[in-house]
Amino acid sequence: MKLRSIVIGIGLLLITLAIPATAADVTAGTWKLNAAKSKYTPSNVEKYETVTIEASGTDIHMTLDGTDAAGNAIHTEWTGKYDGNFYAVTGDPNTSERAYKKVTAHSFSVTGKDKNGKITTHARIVYSASGKLRTVTASGTGADGKKFSENAVYDKQ
């Protein structure tokens with residue numbers, strides 16, 4: 001009887017330890033901008049209408065599609081980890097590198113640098129407990145040298 005209790009206890013412990021390792025990444029999926037709930041200052045800054053995040057182990061690949069201040073299509077990609085280190089960005093006029101850092105299970109900090117190594121963007125990304133809402137609160141200086149801020153709300157598709 002005692003051996004049975006020990007085996008069951010070890011089994012439950014192993015299951016408990018395995019759950020976080022196999023849990024889905026809260027960030028992964030396709031996110032669509034909810035323009036009605038979002039606010040940009042100035043109102044004509046670049047906006048990413050679709051954000052697609054793919055997770056493979058600790059590697060993350062983000063694809064962002066939207067429009068720039070003039071209404072032209074923009075396509076940005078970033079591949080890296082949520083470890084606070086800078087990784088290259090393609091297609092973004094404001095940043096050439098971004099660092100994403102996991103703060104809690106549902107929140108992340110983001111820092112962007114331009115090609116000269118100057119910090120241009122700070123952001124906080126929060127995912128709802130339900131996993132259906134993504135809110136990006138960001139501020140910084142655009143490629144044109146003007147300050148911007150945004151509160152972009154995304155719905156999971």
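The values are calculated or read from the model by the stated rules, or taken from the named source; none is laboratory data. Keep in mind it's a predicted model, so treat the numbers as computed, not measured. With ideal geometry, Cβ positions are generated from the backbone for all residues, glycine too; neighbour counts draw on all protein chains shown.
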query = Do we find that residue 113 is more than 19 Å from residue 50 (Cα to Cα), charged (D, E, K, R) and out of contact with any Leu (no Cβ under 8 Å at 6 or more places or on another chain) in this structure?
reply = yes
message = Within region 66-80, does at least one residue satisfy the condition of being closer than 23 Å to residue 155 by Cβ, at pLDDT 95 or above, in a loop (DSSP other than H, G, I, E, B) and of a type outside the set (Ser, Thr, Tyr)?
response = no
remark   = For region 27-46, pairs from a residue that is in contact (Cβ under 8 Å) with a residue 24 or more places away in the chain to a residue that is surrounded by 13 or more Cβ atoms within 10 Å (Cβ to Cβ) and basic (Lys, Arg), with Cβ under 8 Å and 6 or more apart or across chains, are 27/134; 29/156; 30/156; 31/134; 31/156; 33/47; 38/47; 40/47
query = Right, residue 120: free of Cβ contacts under 8 Å to residues at least 60 places away in the same chain, under 22 Å from residue 69 (Cα atoms) and either surrounded by 14 or more Cβ atoms within 10 Å (Cβ to Cβ) or within 12 Å of the chain's Cα centre (by Cα) (or both) or not?
reply = yes
request  = Tell me which residues, restricted to region 87-101, are buried (at least 17 other Cβ atoms within 10 Å of the Cβ) and modelled with pLDDT of 95 or more.
outcome  = 89, 96, 97, 98, 99, 100
inquiry  = Regarding region 133-150, can at least one residue be identified that is free of Cβ contacts under 8 Å to residues at least 24 places away in the same chain, among the acidic types (Asp, Glu) and touching a strand residue (DSSP E or B) at 6+ places or on another chain (Cβ under 9 Å)?
reply    = no
ask   = Which of the residues that make up region 97-127 are closer than 19 Å to residue 60 by Cβ and of a type in the set (Ser, Thr, Tyr)?
value = 100, 104, 107, 109, 111, 121, 127
